[in-house]
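Accompanying notes for the structure given below.
The values are calculated or read from the model by the stated rules, or taken from the named source; none is laboratory data. From a predicted model like this one, the values you see are computed outputs, not experimental measurements. Glycine gets a Cβ as well: all are built from the backbone with ideal geometry, and neighbour counts include every protein chain shown. Heavy atoms of the whole protein, side chains included, go into the accessibility calculation; ligands, DNA and RNA do not. Shrake-Rupley method; radii C 1.70, N 1.55, O 1.52, S 1.80 Å.
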Amino acid sequence: MAAWCWDYWVAEALLKLESLKVMRSLRPIHLIRPESNQTESDELEFYDGLRQWDRASVEVQISETTFQKWLQDIPSSGDDTVIGNGEDDDGAGPCGGKFKKLLIFSGNDYLGLSSHPTVIKAAVKAAQLHGMGPRGSALICGYTNYHRLLESALADLKKKEDCLLCPTGFAANMALITAVGSVGLLLAEGGKPKRDERVAIFSDALNHASIIDGIRLAEKQGSLVNIVYRHCDMVHLNSLLSSCTMKKKVVVTDSLFSMDGDFAPIAELVKLRRKHGFLLAIDDAHATLVCGKTGGGAAEKFKCENDVDICIGTLSKASGCHGGFIACSKKWKQLIQSRGRSFIFSTSTPVPIAAAAHAAVNVAKQETWRRKAIWNRVLEFRAMTRIPITSPIISLIVGSEVKALEASRLRIALSAVHTRDDLRKLVTALSECINFEEIGFNCKNYSSKL
């Protein structure tokens with residue numbers, strides 16, 4: 001029911017756009033390779049295990065001055081002087097400044113692909129051939145064969161008919177939700193929809209800020225009604241859906257929540273979708289390439305790819321690059337590219353970034369050891385701390401504000417290129433201000449009440 005109704009409404013909305021002469025089209029520009037590069041190979045290189053370059057995504061340096069300001073919580077605008085390439089063997093920079101080595105446990109480069117030589121090579125090669133590529137919005141001149149190739153790879157990854165690239169994941173969510181709201185506006189009699197003609201969007205209480213802001217914008221336009229359900233509470237959602245008189249219903253949720261690290265109950269959402277006939281959209285930013293046998297994300301992990309109508313994702317996390325995307329049907333793509341203002345009025349992704357992201361998707365699919373490695377780190381952290389975490393995103397809840405300040409970071413993100421020794425160092429450092437046994441006990445009690 002959901003798919004058929006929404007297909008009909010979207011088709012009708014597209015007919016209205018066509019009649020108003022405001023349907024927008026994407027026409028890829030084919031960038032020409034200089035003759036001197038015509039015979040150069042495009043073959044990608046893959047590796048079967050951790051290499052030294054992988055560590056660049058989790059090992060960084062910081063000046064002693066900046067480090068001390070950080071420890072003392074002194075406000076900074078990021079204007080500390082940085083000179084040279086970092087530390088020499090004696091720990092001093094080229095101008096005598098001291099540097100400290102740090103391990104990153106707060107980044108989103110889940111597979112360590114930002115420093116992969118194949119990804120780097122793709123970006124460098126594209127930059128050497130085309131510079132940054134045409135600088136304009138995708139609808140004018142910024143959409144190239146590189147962007148189309150990446151969209152096709154992402155559509156295949158997500159098992160969807162098509163895909164639309166956006167400048168960021170934030171912009172992708174904004175574009176989708178404003179386009180969803182536009183259905184109510186376009187199909188309303190007299191131009192301004194009555195309440196029952198609007199779109200009812202049901203949003204998880206802990207959804208990402210980009211979803212929330214997209215909903216707020218669409219609300220201001222009078223195109224949808226926002227209904228928030230308690231975090232992952234399917235009983236509450238079912239009740240709200242049952243009492244809603246609006247026909248056009250959408251449920252939107254993070255698949256893997258960015259702060260708490262818990263998964264949305266996607267299998268239960270699918271059951272409710274079949275019962276109530278709503279459109280199901282998931283923000284798969286933190287699960288893409290991390291979850292599922294092929295890296296297809298949360299829907300692949302929970303074996304319900306065909307029941308998720310629209311999948312939003314990012315290229316700035318497990319892909320190690322930059323940008324966002326919306327995997328959907330061709331009709332939805334046409335609607336979003338015609339009504340999604342954050343897509344329409346943004347300059348497209350630079351060609352080297354699109355090339356790098358395409359390489360990253362291919363590397364992630366081929367180097368399956370990376371997915372195995374990150375989930376091994378999850379198991380190892382559980383064993384070391386006895387905290388029943390379920391994903392690479394770890395939210396540590398401590399008792400007092402003083403303890404929270406001592407711990408500095410309460411959200412931890414694991415990576416495939418972290419080692420077991422890295423985790424031991426992390427756990428040792430955190431144990432000075434966190435009681436892991438107490439946290440583990442509280443987590444078990446909380447889980448038993450769900």
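Given the options 62, 345, 184, identify the residue whose Cα lies farthest towards the positive end of the charge dipole of the chain (+1 on Cβ of Lys, Arg; -1 on Cβ of Asp, Glu).
184
Taking amide hydrogens as modeled 1.01 Å from N in the peptide plane, which residues meet the under 5 Å criterion relative to residue 29, leaving out close sequence neighbours?
It is 143, 144, 145, by chain and number.
Taking 0.36 nm per residue of sequence separation and subtracting the Cα-Cα distance, how much length would be gained by fully extending the chain between residue 330 and residue 21, in nm to one decimal? Before the final figure, lay out each step's value.
Values: separation 309, 0.36 × 309 = 111.24 nm, distance 1.90 nm.
So the extension gain works out to 109.3 nm.
Is it possible to state the helix-based mean residue ellipticity at 222 nm for the chain, with each DSSP H run of 4+ residues giving -39500 (n - 2.57), the sum divided by total residues, to the nearest 500 deg cm²/dmol? What is it? Don't jump to the answer; show the numbers that get you there.
Numbers: 16 runs with 188 residues, N = 450.
Theoretical 222 nm ellipticity from helices: -13000 deg cm²/dmol.
Would you mind telling me the share, in percent, of accessible area of the chain contributed by carbon and sulfur at probe 1.4 angstrom? Please list the in-between numbers first.
Values: 11440 of 21610 Å².
That fraction is 53 percent.
Placing one identical point scatterer on every Cα of the chain and ignoring solvent, what is log10 I(q)/I(0) from the Debye formula at q = 0.07 Å⁻¹?
-0.39
In the chain, with Lys and Arg counted as +1 and Asp and Glu as -1 at Cβ, which of these residues, 241, 313, 153, has the Cα nearest the positive end of the dipole, that is, farthest along it?
The listed residue farthest towards the positive side: 241.
How high is the FRET efficiency between residue 274 and residue 159 when r is their beta carbon distance and R₀ equals 25 Å, given to the nearest 0.05? Display every interim value, and only then the final one.
Values: r = 19 Å, r/R0 = 0.74.
Efficiency, from the Cβ-Cβ distance: 0.85.
So, in nm, how far is label residue 195 from label residue 135 when the simple model puts each one 7 Å beyond its Cα toward the Cβ?
Here the modelled spin labels are 5.0 nm apart.
With all protein chains present, calculate the accessible area of residue 70 using a 1.4 Å probe and round the result to the nearest 10 Å².
Counting only protein heavy atoms, residue 70 exposes about 140 Å² to solvent.
To the nearest 20 debye, what is the magnitude of the charge dipole of the chain about its Cα centre, counting +1 on the Cβ of each Lys and Arg and -1 on the Cβ of each Asp and Glu? Please report the intermediate quantities before stating the final value.
Values: 56 positive and 50 negative charges, 335 e Å.
That gives the chain a dipole magnitude of about 1600 debye.
Using only the heavy atoms of the protein chains and a 1.4 Å probe, how would 147, 130 rank by accessible area, largest first? List each step's numbers first, then the result.
On the way: 147 5, 130 35 Å².
Final ranking, largest accessible area leading: 130, 147.
Between rounded, prolate and oblate, where does region 342-383 land on the alpha carbon gyration tensor, with a ≥ b ≥ c its root eigenvalues, rounded for a/c under 1.5, else prolate if a/b exceeds b/c? Mind showing how you got there, number by number?
On the way: a/c = 5.13, a/b = 2.19, b/c = 2.34.
Oblate.
Using a 7 Å offset from the Cα along the Cα-to-Cβ direction at both residue 233 and residue 420, what is the distance between the two label points in nm, to one decimal?
The modelled label-to-label distance comes out at 4.2 nm.
Does region 160-228 classify as rounded, prolate or oblate by the C-alpha gyration tensor (a ≥ b ≥ c root eigenvalues; a/c under 1.5 gives rounded; else a/b over b/c gives prolate, otherwise oblate)? Provide the component values of the computation, followed by the final result.
Details: a/c = 2.16, a/b = 1.40, b/c = 1.54.
It comes out oblate by the Cα gyration axes.
Using heavy-atom solvent-accessible surface (probe 1.4 Å) with all chains present, what is the largest-first order of 217, 241? Kindly include the intermediate steps, with their values, before the conclusion.
Working: 217 65, 241 5 Å².
Per-residue accessible area, sorted high to low, gives 217, 241.
Work out the P(r) tail for region 187-319: percent of alpha carbon pairs separated by more than 18 Å, whole number. Don't skip to the end; give the middle numbers.
Working: 4693 of 8778 pairs.
Tail of the P(r) past 18 Å holds 53 percent of the pairs.
How large is the accessible surface of residue 246 in square angstrom, using a 1.4 angstrom probe and rounding to the nearest 10?
Around 10 Å² of this residue is reachable by solvent.
Do any of 301/425; 16/158; 248/275; 125/158 go past 20 Å between their Cα atoms, and which? Please report the intermediate quantities before stating the final value.
On the way: 301/425 31 Å; 16/158 29 Å; 248/275 14 Å; 125/158 27 Å.
Listed pairs above 20 Å: 301/425; 16/158; 125/158.
How much length is gained if the chain between residue 120 and residue 32 is pulled fully straight, taking 0.36 nm per residue apart and subtracting their Cα-Cα distance, in nm to one decimal?
29.6 nm
Residue 56 to residue 76: FRET efficiency via 1/(1 + (r/R0)^6), r the Cβ-Cβ distance, R0 35 Å, to the nearest 0.05?
On the way: r = 24 Å, r/R0 = 0.69.
For residue 56 and residue 76, the calculated efficiency is 0.90.
List the residues whose amide H sits under 5 Å from the amide H of residue 111, counting only those 5 or more places along or on another chain, with H placed 1.01 Å from N in the peptide plane.
Amide H neighbours of residue 111: 416.
Excluding ligands, DNA and RNA, what is the solvent-accessible area per residue of region 182-325 at a probe of 1.4 Å, expressed in Å²? Show your work: numbers first, answer last.
On the way: 5520 Å² over 144 residues.
Value returned for region 182-325: 38 Å² of accessible area per residue.
Could you work out how far apart the two model spin labels at residue 5 and residue 68 are, taking each label as a point 7 Å from the Cα in the direction of the beta carbon, and quote it in nm?
6.4
Which of rounded, prolate, oblate describes region 285-327, given a ≥ b ≥ c as roots of the alpha-carbon gyration tensor eigenvalues and a/c under 1.5 marking rounded, otherwise prolate only if a/b is larger than b/c? Could you put the intermediate results ahead of the total?
Numbers: a/c = 3.24, a/b = 1.46, b/c = 2.21.
Taking the square roots of the gyration eigenvalues as a ≥ b ≥ c, region 285-327 is oblate.
Per residue of region 385-397, what does 6.51 cos²θ - 1.76 cosθ + 1.60 with θ = phi - 60° give for ³J(HN,Hα)? Whole Hz please, x for Gly and Pro, Karplus curve as stated.
10, 6, 8, x, 6, 10, 7, x, 9, 10, 10, 9, 9
In square angstrom, rounded to the nearest 10, how much accessible surface does residue 428 have for a 1.4 Å probe?
Ignoring ligands and nucleic acids, residue 428 comes out at about 80 Å².
Please compute the contact order of the chain in relative form: average sequence separation of alpha-carbon pairs under 8 Å and at least six residues apart, divided by the residue count, as a percent.
On the way: 829 pairs, mean separation 99.6, N = 450.
Reported relative contact order: 22 percent.
Order 349, 66 by their accessible area, 1.4 angstrom probe, all chains in place, largest first. All intermediate terms of the calculation are to be shown ahead of the outcome.
Values: 349 15, 66 40 Å².
Final ranking, largest accessible area leading: 66, 349.
Could you point to the residue in 229, 32, 107 farthest towards the positive end of the chain's charge dipole, with +1 and -1 charges on the Cβ of Lys/Arg and Asp/Glu respectively?
Highest projection toward the positive end goes to 229.
Starting from 0.36 nm per residue, how many nanometres of slack lie between residue 410 and residue 44 once their C-alpha separation is accounted for?
128.0 nm is the gain from fully extending residue 410 to residue 44.
If Lys and Arg each add +1 and Asp and Glu each add -1, what is the summed charge of the other residues whose beta carbon sits under 13 Å from the beta carbon of residue 144?
Values: positive: 27, 33, 135, 148; negative: 151.
Result for the local shell: +3.
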